[in-house]
Amino acid sequence: MIRRIMHVDMDAFYASVEQVDHPEMQGQPVIVGGSTRGVVSAASYEARKFGIHSAMPIFQARRLCPHGIFVPVNMRRYRQVSCQVMRIIEGISPLVEQISIDEAYVDITGTESLHGSSRELAARLKERIRAATGLTCSIGIAPNKFLAKIASDLRKPDGLFILDETGVQRFLQHLPVDQIPGIGRRTSEILKGLGVATASDVLRFPLSFWVRRLGKYGARLHEKAQGLDFSPVIPDSAPKSCSAEDTFPKDISDPAELRKRLLLQAESVGRELRRDGFFGRTVTLKVKFADFSVITRSRTLHEPTHCTRTIFEVAVQLLDEVQVSRKVRLTGVAVSNLCSGVQQMKLFKESAVAKQERLDRAMDVIESRFGREAVKRGILWDLD
Amino acid sequence: MILKIYKRNNQVDQHPNDLKSVAWSQQIELTDQERIMMKISVQTPSLVSALQKVQNITEKKSNMPILANLLLKATDQQVVEISATDLELSFWTQFTAQIQEPGSISVAARKLLEITRELPQEQILLELLPNQRLMVLAGRSRFELATIPWEDYPHMNFYQEIEYLKCDAKVLKSALDKTSYGIPAEEDPFSVAGLLWHPTESERLRFVSSDGHRLSYVEIPGEQFNKLQLGKGVIIPRKGVHEILRILEKEKEASLGIFENCLMLKTEDSLLSIQLLEAEFPEYQMIIPEERPFAFQVNWENLHSALKRMAVLTDQKWRHVRFIIREGSLELEAGSQDIGVANDLLDIDYQGGDFTVAFNIRYVLDTVQAMESSQVRFEWVDQFHGGVFLAPDDPAYFSLIMPMVV
């Protein structure tokens, strides 16, 4: 059966949300990113004209566009808007796979009699999202996920590109090979060296050649070059992990200072887990040093947890085992191996654990009513 | 028991002509004046059976390679002794054989079993060669196994001479069967990876297991065992419990002894030595609710088969079964949106308010399966306290399971 897969991608999502929330930013170059250091999380289309793109260091963005409006990341707000958008998308098909905060695949196979043609459906969806949030999105519709994703990128912003089964061959003949998702710089160079410029060029070499050259990815590339991708749209995939990380304003070498940062991150992770009703068994610590080298360390616990204190203590243990002797640029704490819902009660409960649970609950309630700044743990009192 | 040293000053051996080893061993120049020798002829079934008994003790994944080995000792009393240890459990067994030269050597337990199992011959010749390889010879098959000197094998304590008390293997096995499932594989702050065995105030003996989520115990009459030096109680490690069970499977009678920190189990031809756990078993009596105002009884067979049906729709993530208790009926419910749901209804003798509680279905099944009773009695306080499962026909059995919060 020929599938119809839609890829919906919000345009410059974070920056656009800021522009909608702050009308004075309309038409201005808006750059959303970390504090003094850190990187650009999103840039409005006006800012992109100056050559600013996401993942670029903020200082570089400032140099390129000194008069740009730089705003900090307001994840809570973006998540709120994202939920709104996803609810609207889920209105057209139960088969929605959200792949990031601002992107989703929708399987719209066989919805013509319900929603009309793909073009009508896409136009209506864009209109609904605009009406509810003031935001624009770009939509690609194609016979599979990989082509739909490429298609949504072609007419950005506020674009729509529909690729029919019959047009796939011609489309691939003109598709630059490095637009195939998954092709990084290294693969791209290999391909260039072989004189492979478009997707169709890949087919000049047999499957065995690609497998030999690129391993498992070679086989996938060969498949994609024929316009094939059988991966299904998997709806409502539960989150796999919950994490927080920060690039510090200044590199840190003081262990006490690092602990404070870890506590903040553990708080953030714990808060999010508790809010969404998850428990996790694996705690991961990520440390990026001043020289940009990165290490990660994990530990799996006996019992799943969402307790700030427990997450923090494991993260500190992991940090102690790393024996940091260099300056640290970034740390991150993540909890994975998540489960939710049903929890086994214990026969013996350590009073200290019960106390921490009560503390978490109390802090969550206070923060939800009076904001993050209303209550702080003692050791964080002098942290900005 | 003390292992004796067998070192002999041997002349170059002449192998009996009926053995095919002659050609090989004569090629070896023997210059050592002092050699450790061992040469035995064994019945294959006796050797295989002895080797099978020690396999569970030897460690396959230890960072001490020698723990994958066993110790083979040929005495001059025409007896072969095989022993092994994982440093916590040690096992010793013996069988008769034709000993031509006594001696001792340590060799890979698994390999020796695998080889002897594959040999069709009734007789096997084992010989320690001057190059310190253990030759296994049968018919035209020949193996030479790497060895480790017996002196390097870890020390084992087999206290033969202590006081042993005969016990009814059936009683002991049944007590272990009814509690061993609750021993956790790993230790954590609130559970001990072993079975607590302690005397009660009423001079009975109680076996207790708990993994921090559930607790079960069973009592046996004291008279058989009350001479054992249990003190306030001993904790038998999980592997030890399973090893005792394995041995009792085949024996009608066994004797127990305790010496220092070792529990010994003796049978006709074997000795098992278990290093007791030196851990603090949680104060479990405190968490058993004394007052349990609500209760019902249900037919064992009906509950058991209904639980097995419910279990079909549980998985790693959705492992709970809900007890929905109403006047005269117990409704069981399991499953989830992901897999589907299951319901079953049982008649019970209950007059009282509605009550709903959920348990890990594995825990309930373990408990129900451990009971020897035509009825199951369930007693409870509220959804924050553990539910108590009792066997009216088997009053020595007690099980407490903490609920799941759904």
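The values are calculated or read from the model by the stated rules, or taken from the named source; none is laboratory data. Note that the structure is a prediction, hence the values are computed from the model and not measured. Virtual Cβ from ideal backbone geometry, glycine too; neighbours counted across all protein chains shown. The accessibility values were calculated without ligands, DNA or RNA, using every heavy atom of the protein model including side chains. Shrake-Rupley method; radii C 1.70, N 1.55, O 1.52, S 1.80 Å.
Values for this structure:
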{"read-out": "The range A:189-250: C-alpha gyration tensor shape, a/c 1.5 cut-off, then a/b vs b/c", "value": "oblate"}
{"read-out": "Proximal lysines to B:LYS166, defined as alpha-carbon separation beneath 27 angstrom and excluding residues fewer than eight positions away on the same chain", "value": "B:LYS53, B:LYS178, B:LYS227, B:LYS232, B:LYS239, B:LYS250, B:LYS252, B:LYS266"}
{"read-out": "Residue-level accessible surface for B:TYR284, protein heavy atoms, 1.4 Å, Å²", "value": "10"}
{"read-out": "Packing rank of B:350-358, A:328-336, A:214-222, where each peptide gets the mean count of other beta carbons within 10 Å, highest leading", "value": "A:328-336, A:214-222, B:350-358"}
{"read-out": "Taking only Cα atoms of the range B:123-247, radius of gyration then Dmax in Å", "value": "21.2, 65"}
{"read-out": "Length-normalised contact order of the range A:1-145 in % [C-alpha pairs under 8 Å, at least 6 apart]", "value": "35"}
{"read-out": "Equivalent ellipsoid dimensions for the range B:226-327 as semi-axes, Å, which come from the Cα gyration tensor, largest first", "value": "38, 21, 15"}
{"read-out": "Residue-span extension gain [A:HIS53 to A:LEU383] - 0.36 nm each, minus C-alpha spacing", "value": "115.7 nm"}
{"read-out": "For the range A:124-222, projected area of the alpha-carbon convex hull averaged over all directions, nm²", "value": "7.3"}
{"read-out": "Amide H contacts of A:LEU95 (H built 1.01 Å from N, under 5 Å, at least 5 apart or other chain)", "value": "A:ASP107"}
{"read-out": "Peptide-level mean, for B:205-215, of C-beta atoms on other protein chains within 10 Å", "value": "2"}
{"read-out": "Heavy-atom accessible surface of the range A:154-303: percent carbon and sulfur, 1.4 Å", "value": "51"}
{"read-out": "Residue-normalised accessible area of the protein assembly as shown, expressed per residue, 1.4 Å probe, Å²", "value": "50"}
{"read-out": "Percent accessible area from carbon and sulfur atoms, chain B, protein chains only, probe 1.4 Å", "value": "47"}
{"read-out": "Restraint check, A:LYS240/B:LYS317; A:LYS149/B:LYS317; A:LYS145/A:LYS286, Cα-Cα greater than 24 Å", "value": "A:LYS149/B:LYS317; A:LYS145/A:LYS286"}
{"read-out": "Ranking by accessible area, most exposed first, for A:MET345, B:MET371 with a 1.4 Å probe", "value": "A:MET345, B:MET371"}
{"read-out": "B:PHE355 paired with A:ALA132, simple spin-label distance in nm, labels 7 Å along Cα-to-beta-carbon", "value": "4.6"}
{"read-out": "Relative contact order computed over the range A:255-384 (Cα-Cα under 8 Å; 6+ residues apart), in percent", "value": "30"}
{"read-out": "Carbon/sulfur fraction of accessible area - the range A:35-151, other protein chains in place, 1.4 Å, %", "value": "56"}
{"read-out": "Residue-level accessible surface for A:ASP364, protein heavy atoms, 1.4 Å, Å²", "value": "40"}
{"read-out": "Alpha-carbon centroid distance for the pair the range A:25-75 / the range B:215-270, whole angstrom", "value": "72"}
{"read-out": "In order through the range A:163-174: 3J(HN,Hα) via Karplus (6.51 cos²θ - 1.76 cosθ + 1.60), integer Hz, x for Gly, Pro", "value": "10, 7, 3, 5, x, 4, 4, 5, 4, 5, 5, 9"}
{"read-out": "222 nm mean residue ellipticity, helices alone, for chain B (DSSP H n ≥ 4; -39,500 (n - 2.57); rounded to 500)", "value": "-5000 deg cm²/dmol"}
{"read-out": "Nearest-ten-degree value, helix B:238-248 long axis tilted from longest Cα axis of chain B", "value": "70"}
{"read-out": "MRE, 222 nm, helices only [DSSP H, n ≥ 4, -39500 (n - 2.57), over chain A, to nearest 500]", "value": "-12500 deg cm²/dmol"}
{"read-out": "Unit Cα scatterers, Debye sum, the range A:75-165: log10 I(q)/I(0) for q = 0.15 Å⁻¹", "value": "-0.53"}
{"read-out": "Separation in nanometres of the label points that stand 7 Å from Cα toward Cβ, at A:HIS22 and A:GLN84", "value": "1.8"}
{"read-out": "Nearest-0.05 FRET efficiency for B:LEU87 and A:ALA256, computed from C-beta distance (R0 45 Å)", "value": "0.60"}
{"read-out": "Total accessible surface hidden between B and A, rounded to 100 Å², 1.4 Å probe", "value": "1700"}
{"read-out": "Net length gained if the chain between B:ARG377 and B:ILE66 were fully extended (0.36 nm per residue, minus Cα distance)", "value": "106.9 nm"}
{"read-out": "Shielding by partners, peptide A:336-344 (average Cβ within 10 angstrom, other chains)", "value": "4"}
{"read-out": "Whole-number percent relative contact order across chain A, with pairs defined as alpha carbons under 8 Å at least 6 apart", "value": "13"}
{"read-out": "Shielding score for B:383-389, defined as the mean number of other chain Cβ atoms within 10 Å", "value": "1"}
{"read-out": "Alpha-carbon centroid distance for the pair the range B:77-142 / the range B:161-207, whole angstrom", "value": "34"}
{"read-out": "Label point distance in nm, B:LYS252-A:HIS302, each placed 7 Å from Cα along Cα→Cβ", "value": "4.3"}
{"read-out": "Among B:274-282, A:42-50, the order from most to least packed when residues are scored by Cβ within 10 Å on average", "value": "A:42-50, B:274-282"}
{"read-out": "Rh by Kirkwood over Cα pairs, then Stokes-Einstein D for chain A at 0.692 mPa s and 37 °C, µm²/s", "value": "139"}
{"read-out": "Burial ranking of peptide ranges A:282-290, A:88-96 (average Cβ count within 10 Å, highest at the top)", "value": "A:282-290, A:88-96"}
{"read-out": "Value of Rg/Rh across the protein assembly as shown [Cα atoms, Kirkwood radius]", "value": "1.07"}
